[in-house]
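Worksheet: one structure, shown below.
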């Protein structure tokens, strides 16, 4: 195990600035997930840690060692790629042993490491097979085993589950979580899938345009997003957003007016905002209740999705290109074409200013 420290890390390709002044500390034994939309720099950041890309500026330390100029093989990292990249003519054993043999390890050491890794990953009965005889999940475990057999200080995963079908992704998420619990290794995992991030991570790093938007536990990012971007990216279905006008506020709370919701008294500290300021109100689907239509507070149900244990209700008028979403446990009494009122749970409402920064909850009014 080892910690990883990034200080003012930058990466440029020609005139394009990809990674911008990234500061991050990954502790010993942590499972950290990099998440963000395509092109945000998450895979590039992982490749900088692995040594597969050169660092343009800043410092990268593994444990107490500055590794900016060290080649990948000297950094003590193992990497699992999106593509399994297994040698088709080799057996599972030979694939897992290949890197160890290149390092000129003794045959007995190679055998001990491969067998120990195979036991951890439940590959003992598959060691004689070739990749074409394996399922997708088994191939991914072999790819993980090849990296683990080298006993790296850090395991890096670059979207390892994106080639698997939905059921296999769930299975492999569980396998990776159990593996981390069993080994206690430092792991850094890249994905565009925020469900993977939420279910696997001790700590999530949300990236946007080459910068860190927020770092925190899955619970913190879900309940206390610092920006509108994080609020919208973390959570499925996504958070509902509506325009809101600030009527007044101080350090103890504020009053806002939102179309279709009327006037609301909220617990956010709006003392830094002028009356009349244009804000964005955010509320998650499970915190948006439906009621019988009342006066001007009328929204039309345009779709109802039954998902077995829960129901998603989609409503007009939409905000921008996005329909509003209500989520509740099944069964649901709401039907297509009904007109309803929306009642947000005020203690769970978020407010964002014109720069898309979250307004803090006033002192003493944070929800339990």
Filter pass, residue 305 being without any contact (Cβ under 8 Å) to a residue 12 or more places away in the chain, surrounded by fewer than 18 Cβ atoms within 10 Å (Cβ to Cβ), touching a strand residue (DSSP E or B) at 6+ places or on another chain (Cβ under 6 Å) and on the phi < 0 side of the Ramachandran plot: yes
Residue within the stretch 121-139 that is under 24 Å from residue 199 (Cβ atoms), surrounded by fewer than 16 Cβ atoms within 10 Å (Cβ to Cβ) and in contact with a strand residue (DSSP E or B) (Cβ under 9 Å, 6 or more places away or on another chain) present: no
Residues being more than 23 Å from residue 28 (Cβ to Cβ), part of a loop (DSSP other than H, G, I, E, B) and over 14 Å from the mean Cα position of the chain (by Cα) - total across the stretch 163-207: 3
Those residues of the stretch 32-49 which are in contact with a helix residue (DSSP H, G or I) (Cβ under 9 Å, 6 or more places away or on another chain) and modelled with pLDDT of 95 or more, in sequence order: 33, 34, 35
Test: residue in the stretch 270-284 that is closer than 18 Å to residue 360 by Cα, under 19 Å from the mean Cα position of the chain (by Cα) and touching a residue at least 40 places away in the same chain (Cβ under 8 Å): yes
Candidates 225, 243, 267, filtered to the one that is surrounded by fewer than 17 Cβ atoms within 10 Å (Cβ to Cβ), within 32 Å of the chain's Cα centre (by Cα) and in contact (Cβ under 8 Å) with a residue 12 or more places away in the chain: 243
Cβ-Cβ under 9 Å pairs, at least 6 apart or on other chains, the stretch 27-52 side under 17 Å from residue 82 (Cα atoms) and outside the structural domain of residue 209 (by TED's automatic domain parsing), far side at pLDDT 95 or above and surrounded by fewer than 19 Cβ atoms within 10 Å (Cβ to Cβ): none
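The values are calculated or read from the model by the stated rules, or taken from the named source; none is laboratory data. Keep in mind that what you see is a predicted model, and the values were worked out from it rather than measured. Quick reminder, even Gly has a Cβ in these numbers, built from the backbone with ideal geometry, and neighbours come from all protein chains shown.
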